[in-house]
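Just below is one structure, and these are the notes that go with it.
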Amino acid sequence: MRLNACRILAACALISLSGCNAGGQKTAYAPEFVFTYAENQAEGFPTVQGARRFASLVNERTDGRIEILVYPDASLGEEQSIIEQMQFGGIDFTRASLTSMSEFVQKYNVLQLPYLYKDSAHMWRVLDGEIGRDFLAAADGSGLTALAWYDAGARSFYTCEKPIRTLEDVAGMRLRVQESAMMSAMIEALGGIAAPMPYEDVYSALQTGVIDGAENNFPSFESTRHYETAKYFTVNEHTRVPELQLISTFTWNKLSPGDREIIRACAEESARYERELWREREKVSEETVRNNGCEIIRIPERERERFMEAVLPVYMEFCSEYMDIIDEIKGA
Ligand code: GCU
């Protein structure tokens, strides 16, 4: 009797180790696919929570056949190198800023032009509509397949020694931007000196005085603790840069049509969740940096208009062939 029970237990252990049941079918213990998902934000950040929600939805809806391991904190590399690795399937998923993607798909510059959207609701009308769908498809051919839009709010300047209150204050300031020709041109158009570098290098560049300031949204400014050195945050909101959740096309091509459908649906669901978290985090982050002694400067509308005017040459320099789409976006 005891011997039989032992045999059964041993057989069960073997079955779960091999990942097959008696019929030779895969069980939940041995996923058919184990994928990697790279994130450059810290644990707990809305985009990382979105990634985790995505991974668990996919796992649940494929009955454990697809497992997605999320690597936050840029542990798989900085954003542009992640995109390069994805182009040949070295990494399966990521969420990337459109600024980084624009270096691979030039047309994406359109959606991150300075002062393109009136506000967040305007941007989401565009991205949730036909234009947004067309721009998801614009990634095709780049080695990456775009799944869903994530929120990253509006970007503004923050500086260490001298606050930016007027356009003239930007003159001669060395300001970090993402590694993008258009973002560098925007800084130059405002009278500053562009310092392109990866996200992960900004903290020490601020501390050592290599740069006078940088630009980002409130949650990134807070999460990276840039506010420890940069004590002035000017809410000039020069850009609204949406983000893309992406899968390597190499990985996409391995999936059945049914699995692709599941992946897309889960991506959209995770994006809706991220958007909710984003709204909340924006408020909390602003509060946190203020409580840590950061001065938040809100510039008057007429000053904002001067910033808008100053960046207009960037439209012609980088997006002249898309003026019709730009008009359509502005009118949305
Ligand atoms: C945002 C964005 C990151 C990006 C960063 C940057 O924080 O979410 O993906 O890398 O901006 O300024 O580089």
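In the structure shown, the pairs K283/K330; K107/K162; K118/K231; K162/K330; K231/K283 are assessed against 29 Å; a Cα-Cα span above that value is assigned to K107/K162; K162/K330. Across the stretch 157-266 the C-alpha pair distances fall into 5 Å bins from zero in the proportions 2, 11, 20, 20, 14, 7, 6, 7, 7, 5, 2, 0 percent. Over all Cα atoms in the chain, the spread is summed up by Rg and Dmax: 22.8, 89 Å.
Assuming charge only on the beta carbon of Lys and Arg (+1) and of Asp and Glu (-1), the dipole of the chain about its Cα centre is about 1080 debye to the nearest 20. Charge tally for G172 (other residues, Cβ to Cβ under 13 Å; Lys, Arg +1; Asp, Glu -1): -3. Secondary structure note: in the chain, about 55% of the DSSP beta bridges are antiparallel.
Between S204 and R225, full extension at 0.36 nm per residue minus the direct alpha carbon distance yields a gain of 6.5 nm.
Magnitude of the charge dipole for the stretch 215-280, about its Cα centre and with charges confined to Cβ atoms of Lys, Arg (+1) and Asp, Glu (-1), is about 140 debye. If we count every other residue with Cβ under 14 angstrom of E200's Cβ, Lys/Arg +1 and Asp/Glu -1, where does the sum land? Neighbourhood net charge equals -4. Where only DSSP H runs of four or more residues are counted, the chain gives -13500 deg cm²/dmol as its mean residue ellipticity at 222 nm, each run worth -39500 (n - 2.57).
Taking other residues whose beta carbon is less than 12 angstrom from the beta carbon of R306, and scoring Lys, Arg as +1 and Asp, Glu as -1, yields -3. Taking the centroid of alpha carbons for each part, the stretch 212-280 and the stretch 124-191 are 12 Å apart. Ordering 207-219, 318-330 by mean Cβ neighbour count within 10 Å, with the highest value first, yields 207-219, 318-330.
Every number here is computed from the coordinates shown, using simple stated rules; none is lab data. In this text the structure is predicted, and so the values were computed from the model without any measurement. Positions of Cβ are backbone-derived with ideal geometry, glycine not excepted, and every protein chain shown enters the neighbour counts.
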